[in-house]
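What follows is calculated from the coordinates using simple rules that are stated; it is not laboratory data. The shown structure was predicted, so the numbers you read here are calculated from the model rather than taken from an experiment. Positions of Cβ are backbone-derived with ideal geometry, glycine not excepted, and every protein chain shown enters the neighbour counts.
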Amino acid sequence: RTQLRGDELIVVSNREPYIHEDTGHGTIVKRPASGLVTAVEPVMRACSGTWIAHGSGSGDRGSVDKHDRVLVPPGKDDYTLRRIWLTEEEEKGYYFGFANEGLWPLCHVAHVRPVFRENDWQEYRKINQRFADAVVAEARSEDPVVLVQDYHFALLPALIRKKLPRATIITFWHIPWPNPESFGICPWRQEILEGMLGSTILGFHTRFHCKNFIETVDRYLEARIEHEHSTISFHEDTTFVENYPISIAWPSDTTMATWAPVAQCKERVLQRLGMPPGHRIAIGVDRFDYTKGILERLHAVERLLEKHPEWIGKFSFVQVAAPSRSSLEEYRAFQDRIQNTTRRINERFGNDSYQPVHLLAEHHESDALNELYRAADACMVTSLHDGMNLVCKEFVAARDDERGVLILSRFAGAAREMSEALIVNPYHVEETADALHRSLTMPEAEQRERMASLRMTVHEFNVYRWAGRMLTDAGRWRLRERIEARV
Ligand code: G6P
């Protein structure tokens with residue numbers, strides 16, 4: 001908060017932090033499953049300002065609606081949420097099409113082919129322009145600090161820069177950035193890079209992604225790169241490229257005091273799932289997305305039961321999979337595959353009273369997830385590729401008993417910080433199965449040692465530090481520009 005000193009703050013993201021739905025008997029407010037929202041929302045609560053997002057609940061897609069501009073969180077009114085409504089056609093092209101069938105697989109390199117359609121690209125350009133206009137309309141000063149979030153808005157920084165040349169634009173790319181060869185297949189690579197270089201600061205989760213971005217610019221644009229300062233100068237503008245590992249807000253003592261004891265969480269979860277006391281469980285918590293490595297994880301569970309039949313009847317794997325982007329064929333096919341594999345494993349190793357895999361394919365609120373995190377013997381985060389991944393950090397934050405084992409993919413950004421986890425290559429089923437066995441047999445003292453150390457890391461490198469570092473860098477930049485303008 002101190003970094004801003006009265007400056008105006010505007011956040012832009014596709015996903016909104018609260019969804020207002022009219023039920024006929026009043027409005028219910030929901031929270032979406034999104035790592036981005038998990039991270040940015042506490043920052044907005046602390047700083048206030050305006051958050052501009054695509055409205056996804058009930059609302060009038062046309063003219064003025066009561067949900068167009070609301071104060072949130074409900075009852076607290078810390079900041080303004082300004083919604084932009086899109087037609088079905090626009091959402092199909094900009095969000096489902098170019099963002100999620102084009103950029104998402106392009107940047108994740110999870111071996112799903114990106115699809116590039118001219119029409120999607122035109123919608124994407126149009127919607128980026130509409131959000132840029134909204135930023136200009138919302139801005140009360142000529143030099144606001146604008147935080148642009150993610151791959152839905154690659155063109156936004158340059159569009160804002162054109163209208164508000166004195167704005168400080170911080171763009172954060174929440175997903176990986178691939179190497180130049182991989183990125184190079186995008187037909188509009190130049191426009192995308194030019195759009196992003198309208199940013200004052202461009203952030204990625206890891207140094208590795210920054211390096212990939214700088215190399216991509218070097219390959220496809222005529223820009224001046226100063227590796228020593230990590231800056232890129234293109235036309236009139238200079239962009240500082242830096243890594244800012246995102247995180248979560250560490251739960252306060254008051255919040256922790258409301259949590260049920262771990263033993264009770266365990267009891268409740270086992271009972272709900274029809275498992276006997278003492279049954280061991282590992283969990284996975286993800287959006288139902290092909291980048292998360294859910295299939296490979298199921299194969300590892302199957303391999304564990306093959307290699308160590310002593311776990312049959314005594315251990316189950318529980319996967320929470322929040323429905324996501326389900327209107328896309330690729331996602332539906334993936335969901336079918338997971339359901340079939342779950343059924344097959346259950347038929348192979350289960351019986352009337354024992355189910356080795358529980359697939360809970362529905363949205364869970366954060367309290368229910370917290371209970372599950374506390375009940376689990378192990379948490380499997382085995383993404384094939386992930387910018388950061390916040391589930392592993394949420395799991396660690398939930399374990400004030402310092403027990404439970406984290407199994408973490410080496411291809412998640414989080415692996416760079418959380419080396420006390422059991423780090424695995426999710427493509428290597430044998431290795432993941434062995435890690436699972438190890439987690440279930442790990443002595444308590446070792447669990448405690450690893451968990452205590454992980455908790456220190458996440459506590460210290462929390463989301464306020466993520467935002468704080470970015471805003472401090474932005475503050476320094478603004479100061480330098482003011483001084484230079486005087487010369
Ligand atoms: C990732 C992306 C976010 C996105 C989230 C959920 O975390 O980086 O931008 O909000 O997935 O996906 P969705 O398409 O439902 O917003």
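Observations
- Across the range 229-238, coupling constants 3J(HN,Hα) worked out from phi with the 6.51/-1.76/1.60 Karplus curve, θ = phi - 60°, read 9, 6, 10, 10, 9, 9, 6, 7, 9, 10 Hz, and Gly and Pro carry x.
- With Cα atoms defining each centre, the range 122-167 and the range 256-308 are spaced 42 Å apart in the structure.
- If you wrap the Cα atoms of the chain in a convex hull and average its projected area over all directions, you get 23.6 nm².
- Positive minus negative residues near Arg207 (Lys, Arg vs Asp, Glu; Cβ under 10 Å): +1
- For the range 37-49, putting each phi into the Karplus relation 6.51 cos²θ - 1.76 cosθ + 1.60 with θ = phi - 60° gives couplings of 5, 3, 7, 7, 4, x, 5, 5, 4, 6, 9, 6, x Hz, in residue order, rounded to whole numbers and with x for Gly and Pro.
- Of the trypsin sites (Lys or Arg not before Pro) found in the range 265-320, the ones in coil according to DSSP and having at most 15 other Cβ atoms within 10 Å of their Cβ are Lys314.
- Of every Cα-Cα pair in the range 46-163, the percent that sits beyond 18 Å: 57 percent
- An ellipsoid equivalent to the range 244-396, defined through the eigenvalues of its Cα gyration tensor, has semi-axes of 24, 22, 13 Å when rounded to whole angstrom and sorted largest first.
- Exposed loop sites here are GluC sites (Glu not before Pro) assigned a DSSP state other than H, G, I, E or B and surrounded by at most 12 other beta carbons within 10 Å; excluding them, the longest clear run of the chain is 1-141.
- Proximal lysines relative to Lys126, as straight alpha-carbon distance under 26 Å, when same-chain residues fewer than 8 apart are discounted: Lys66, Lys92, Lys162, Lys163
- Value in Å of the Kirkwood radius, where the range 187-308 supplies the Cα pairs that are averaged: 19.5 Å
- DSSP bridge pairs, the chain: antiparallel proportion in percent, nearest 5: 25 percent
- Only Lys, Arg (+1) and Asp, Glu (-1) charged, at Cβ; the chain dipole about Cα centre in debye: 440 debye
- ³J(HN,Hα) computed for each position of the range 84-95 - Karplus, 6.51 cos²θ - 1.76 cosθ + 1.60, integer Hz, glycine/proline x: 10, 9, 10, 6, 4, 4, 5, 5, 4, x, 6, 8
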